[in-house]
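Here is the structure we will look at.
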Amino acid sequence: MSSLTLRKFVMPEVVFGEGARRQAVQYLDNLGVNHALLVTDPGVIASGWIAEIAAASEAEGIAVSIFSKISENPRTNEVESGAQVYRRNDCNGILAIGGGSSMDCAKGIAILSTNGGEIRNYEGVDQIPHMGPPLICIPTTAGSSADISQFAVITDRNKKKKFGIISKTIIPDVSLVDPDMLSTLPRSYIAYCGFDALTHAIEAYVSTGSSHLTDLHALEAIRLIKDALPRVYKNKDDAEGTRFMALGSLHAGIAFSNASLGLVHAMAHPLSGVYDLLHGEMNSLLLPHIIRYNFESSRSRYEQIAMTLGVPEDEISREGVEALINVLGEIAEDVGITGTLSDRGVMKRDIPTLADFAVVDGCIVTNPRLPTWEEVTQIYEKAL
Amino acid sequence: MTKGTILLVEDNRDDELLTLRAFSKNRIANPIAVVRDGEEALDYLFARGSFAERDTQDQPTIILLDLKLPKLNGHEVLKAIREEETTKLIPVIILTTSLEDEDVIRSYELGANSYIRKPVDFSEFVSAVQMLGTYWLLLNKSPQSR
Amino acid sequence: MRRRSEISNDEQSALRERILGFGEASFRKSYYPELRVRLLELERFRFTLDQINVGIMILDSRDGTIVDLNEETCTILGGRREELIGAKFQNSSEVTARMYEKMRRGEEEVAIYEEIHQSTGSPYSVEITTHQATFGGEEYQIVIIRDITSQRSAEQALIRTRDLFEAIIRISHMQDASEKSILSSALMIAVSITQSSGGMCGVISPDKRLFTIYYYQNGGEVAYTISPFGKNGPWESIIRGDEWIGQPIGKRLDLPIMEGDQIVAIITLTEKKGRYTDLDIRQITYLGNALWQIILRHRAEDGLLRLNEELEGRVERRTRELEAANRELEAFTYSVSHDLRTPLRAVDGFSLALMEDFGETLPAEAEQYLKRIRLASQRMGDLIDDLLLLSRISRTELSRGTFSLSDLAMEVVAEIELNNPGRSVAITIEENMVVSADRRMIRIVLENLFGNAWKFTLKKEKADITFRSRSDGITTTYIISDNGAGFDMTYARKLFIPFSRLHTSEEFSGTGIGLATVSRIIQKHGGSIRAEGVPGMGATFYFTLGSNRKYPEERTRDDERNNPAC
């Protein structure tokens, strides 16, 4: 089994730093794009970033069409209408500016623009025959890491389901990580996204697909986010904190995109699908329960995480998993994430359905411990 | 009753003599005038030339006409006779050696009354003249004599 | 417990492998493979475009700059791709300038251009279709050029072939036309069909002494000159075989007309707009051959016509001569009948007159002499009559009619019996023998044959004469036989020759002309006659009267007489 020993490391060309967004025009030109589809959401438009970038592109002779009809969780019909806009305007490249939903939608549009058909058809791993047009991402949140990852998560409203598309072909060509972009984010978003990024890093680190390369990024992400997240949450204008947050998110993205994730995401995806709940929030609520479930399967790694989060060694050896859960709980509390799944409207009777989806979620396969369906339901019940 | 004149148009002296002999042998006693060619025949009939003194009222009862004649031939003479008022009713008997169909037919066409071929055998000729005399001189009264 | 939908371990490990990037399609996004596929596609497409015989070209709409073009377009424009791309289409040649003008005027239209190819000099036709197209915001003209030269030339060849055949048929039907007008027409056709501006046609006279040259310039009249053969320089020398021709030399085409392996005429065409083509050569060669057949036929007909005229003249002359001879003969026989008989009559008449008038005074011997004189003169009269009859029959036309030969025979026999009474002859005549013949002449035949039979059976106690017929299905033979004196077959031939007699006149009277006359009449009827005899045993005469219907020649002759207009 080669995969047990072989690891692969893929990431986009990344430009990091304040003003990185201004590289967009140059990259569009380099990639031969003369008519770009700008995929974004109304919030980003309102922030004024889009106007700035569109004007810069047009000044360079690159036409721009804007598609922004995107929900919190991008839906299949939105992806398809985006693809129509792309084709109708004879676009030959995509520039995604926004959070995870904008970037996932952009990936979907890219898939349809070269492969046609309906986005549902591409659910699963390695289902994309033809790579899409050039895709440049400018993330406006620090968390989803869609600008780095091979993942896209789309909501099928008819089936009340989120489905994942996993393919190396949808890794963006360029990621322009500009901390300035984060300054416009609402505080709650900062919290959820930050916690999402932290979950990415933790799951990537304990993933059975982890490697030295991903470990470095995962731990660096944890280390950066641990301090930056509360700082930024408290003070949106903390430029250094914001930069660290962005950097942490980037590291987390690099880690999980190559090492993959685990049970937290496998169980969080059905929640977003069924209840349309925020991905980062679900992660943060599920995380402690899954750590408890996984802990013995990957104890040293979780202890390393705890140490990285600043828990003293003796406390770890004395309290075990609870030391880790406590420190994570403190961070959550710091950024205002409290309560349980039932507080968010999740109902017990839905748990079997949620479990049905979770056990077939792609993320489950790299979890350090493979749960049974019953174990998954028990975890959901605990998290209620 | 005075017997009418017979006009004999004949250029050959032998034939003239033999014809006259045949007449006498048949006891035909009519006066006979003889002329030697066609022109003379017409002069006689129309009282011209050497016959200018002749009375045209006194025309022959019958004309015996040979076909082969010097100057005007028999057919020409016959034609002239039939065209002239004073002579057109006089019986004309062609008396010739020719038996050519054409001569015979032409003669009748021009108004000949009879056609007698002169045979080599004189006896035959005598009987032919006898027939002629009986018919034309005795039985067939000429219109003139009426 | 509800059914669990977990995935199996194997499935899980396969899924894990692919998530980590070891699936079949799990490679980092790279445009290169895709690009290569596209490039290959493009290359394949370009290759295809270069292979097809349709010119495809992309022009910049603004100024006619050639953006791209395929090989066929290069061939049509006569340049290399590298030179042509970036050049302005309208500047390629005068032709392309004209094309471009037309293209600009009519957008999205099909137009046909006929031009003379600059490099090859031969005419060609192209069909040009233009489409407007926009790529990457730029306006282009897609120009599709189809070389329809061969299609057009095939159409034109078809039309020309039809014209050619029509023309050949026209000249082959030029009746009563002179050789000159036939050749002039053919020359004009050759010039017009090949679209030449002029031409000449040289023809050697059949006796190879004169050379007639016809000249024609398009739109003018055909002129011609006649000169002695051998004085017309190199052109004429072609005809003597000194110089080979048949291929265009520059703007001129010399084509020989052959009769066997002899060159009998030349057609030369000059100054065609383009070059002389194989079609020109083939068609004019064909025209030449057809023309020569027409000329040969014309000459033959001419010859025949002259010959006919000559023959007619000769026949007319002969007829006139014959008519004159006939008139002389008629005059002769007329004289004979009159002038020979007149002295005879005198001899006979005066002998009789001597006997009648002086018989008593003459010695008996003198009277005997006079009798002999009379017999001799009468016999001469008979001879003259028979001769006249023979000659008359020779001159007289038959007048056929259908009548009963049996009845005619009985008439003749009755007449003979009347003139020669006191004999007992057994005569048998077959009944119902019907013939189509000249009744008067056949009467003469029967008079002679029955007369002879009667005469030669005089010394028989029991004379038998029979007349019957015998048919072999085609010809009917009539037979008169007697049991009289007969004759020696040695002299059978002489029977029908005038004046030849097989018996002395002491034995049997007769002139010896009768059977000659019979033979002549039978011949005139297209029949034949022969005789068989045994001396002392009798004679048999066989004769036929030819066909019962008129002979065509006779009818023709009669018709001509009756209807001189014919």
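Read-outs throughout are calculated quantities, based only on the coordinates presented, and are distinct from any laboratory measurement. Keep in mind that this is a model prediction, so the values were computed, not measured. As a convention, Cβ positions derive from the backbone with ideal geometry for all residues, glycine included, and neighbour counts pool all protein chains shown.
So for the range C:318-416, what percent of the C-alpha to C-alpha distances run longer than 22 Å?
Details: 2779 of 4851 pairs.
Distances greater than 22 Å cover 57 percent of the Cα pairs.
Projected onto the charge dipole of chain A (+1 at Lys/Arg Cβ, -1 at Asp/Glu Cβ, origin at the Cα centre), which of A:I138, A:G253, A:Q150 gives the Cα projection farthest towards the positive end?
A:Q150
Which pairs in the list B:K25/B:K118; A:K107/A:K236; A:K107/A:K168 are over 20 Å apart, alpha-carbon to alpha-carbon?
On the way: B:K25/B:K118 16 Å; A:K107/A:K236 29 Å; A:K107/A:K168 11 Å.
The pairs that break the limit, which is 20 Å between Cα atoms, are A:K107/A:K236.
With only alpha-carbon atoms in the gyration tensor, what are the semi-axes of the equivalent ellipsoid for the range C:253-298, in Å, largest first?
Working: eigenvalues 94, 20, 16 Å².
That gives 22, 10, 9 Å for the three semi-axes.
Just to confirm the filter: which GluC sites (Glu not before Pro) across the range C:345-418 are DSSP coil and have at most 16 other Cβ within 10 angstrom of their Cβ?
Sites meeting the loop and neighbour criteria: C:E360, C:E397.
Go ahead and run the numbers for FRET between C:D63 and A:F16, Cβ-Cβ distance against an R0 of 35 Å, rounding to 0.05.
So the FRET efficiency works out to roughly 0.15.
Sorted from largest to smallest, which semi-axis lengths in Å does the alpha carbon gyration tensor of the protein assembly as shown give for its equivalent ellipsoid, taking the root of 5 times each eigenvalue?
Numbers: eigenvalues 4920, 270, 137 Å².
Taking √(5λ) for each Cα gyration eigenvalue gives 157, 37, 26 Å.
How large is Rg over Rh for the range C:153-305, taking Rg from the Cα atoms and Rh as the Kirkwood inverse mean of 1/r across Cα pairs?
On the way: Rg = 14.8 Å, Rh = 15.6 Å.
Ratio of gyration radius to Kirkwood radius for the range C:153-305: 0.94.
For the range A:222-287 and the range B:47-73, what is the centre-to-centre distance using only Cα atoms, to the nearest Å?
177 Å
Any idea what Rg and Dmax come out to for the range C:397-553 if you just take the C-alpha atoms, in Å?
15.1, 48
How are the Cα pair distances of chain A distributed, in percent, across 10 Å bins from 0?
Spelled out per bin, shortest first, that is 5, 25, 35, 24, 8, 1, 0.
If R0 is 56 Å, what FRET efficiency do you get for C:S335 and C:Y491 from their C-beta distance, rounded to 0.05?
0.95
Rounded to the nearest 0.05, what FRET efficiency is calculated for C:T466 and C:E356 with R0 set to 51 Å and r the Cβ-Cβ distance? Write out the running numbers ahead of the final one.
Numbers: r = 46 Å, r/R0 = 0.91.
Here the calculated transfer efficiency is 0.65.
Specify, per residue and in Å³, the volume enclosed by the convex hull of the alpha carbon atoms belonging to chain B.
Value for chain B: 106 Å³ per residue.
List the lysines whose Cα sits under 16 Å from the Cα of C:K273, skipping any in the same chain fewer than 8 residues away.
C:K251
Per residue Cα convex hull volume for the range A:29-140, in cubic angstrom?
93 Å³
So which residue, out of A:S47, A:S57, A:S257, gets the largest mean-square fluctuation from a GNM of chain A using Cα contacts under 10 Å as springs?
Comparing A:S47, A:S57, A:S257 in the GNM, the peak value goes to A:S47.
Taking just the C-alpha trace of the range A:187-383, give me its Rg and Dmax in Å.
For the range A:187-383, the Cα radius of gyration and maximum Cα-Cα distance read 15.6, 46 Å.
Take the alpha carbon atoms of the range C:264-316, find their center, do the same for the range C:371-411, and report the distance between the two centers in whole angstrom.
63 Å
For C:K459, list the lysines whose Cα falls under 27 Å from its own Cα; do not include residues on the same chain fewer than 8 positions away.
The reachable lysines, counting only those whose Cα sits under 27 Å from C:K459, are C:K371, C:K494.
Sum -39500 (n - 2.57) across every DSSP H segment of at least 4 residues in the protein assembly as shown, then divide by the residue count to get the 222 nm mean residue ellipticity, nearest 500.
Calculated at 222 nm, the ellipticity per residue is -15500 deg cm²/dmol.
Quick check of the Kirkwood formula: for the range A:316-384, what is the inverse mean of 1/r over all pairs of different Cα atoms, in Å?
After inverting the mean inverse Cα-Cα distance, the result is 13.9 Å.
Could you work out how far the C-alpha centroid of the range A:184-220 sits from that of the range C:417-490, in angstrom?
160 Å
Report the per residue volume, in Å³, of the convex hull enclosing the C-alpha atoms of the range C:130-239.
Once divided by residue count, the hull of the range C:130-239 is 172 Å³.
How are the C-alpha pair distances of the range B:75-132 spread across 5 Å bins, as whole percents from the shortest bin up?
Going out from 0 Å in 5 Å bins, the range B:75-132 shows 4, 19, 27, 20, 17, 9, 3, 1 percent.
How would the range B:3-89 be classified by its alpha-carbon gyration tensor: rounded, prolate or oblate, with rounded meaning a/c under 1.5 and the a/b versus b/c comparison settling the rest?
Numbers: a/c = 1.77, a/b = 1.27, b/c = 1.40.
The shape class here is oblate.
About the Cα centre of the protein assembly as shown, what is the dipole size in debye to 20, counting +1 per Lys and Arg Cβ and -1 per Asp and Glu Cβ, all else neutral?
On the way: 123 positive and 156 negative charges, 481 e Å.
For the protein assembly as shown, the charge dipole is close to 2320 debye.
For A:K382, give me every one of the aspartates and glutamates with a C-alpha distance below 15 angstrom, ignoring sequence neighbours fewer than eight places off in its own chain.
Filter leaves A:D343, A:D350, A:E374.
Evaluate the Debye formula for the range A:66-114 with equal point scatterers sitting on the alpha carbons, no solvent, and hand back log10 of I(q)/I(0) at q = 0.17, 0.23, 0.26 Å⁻¹, in q order, two decimals.
One equal scatterer on each Cα of the range A:66-114 leads to -0.39, -0.73, -0.94.
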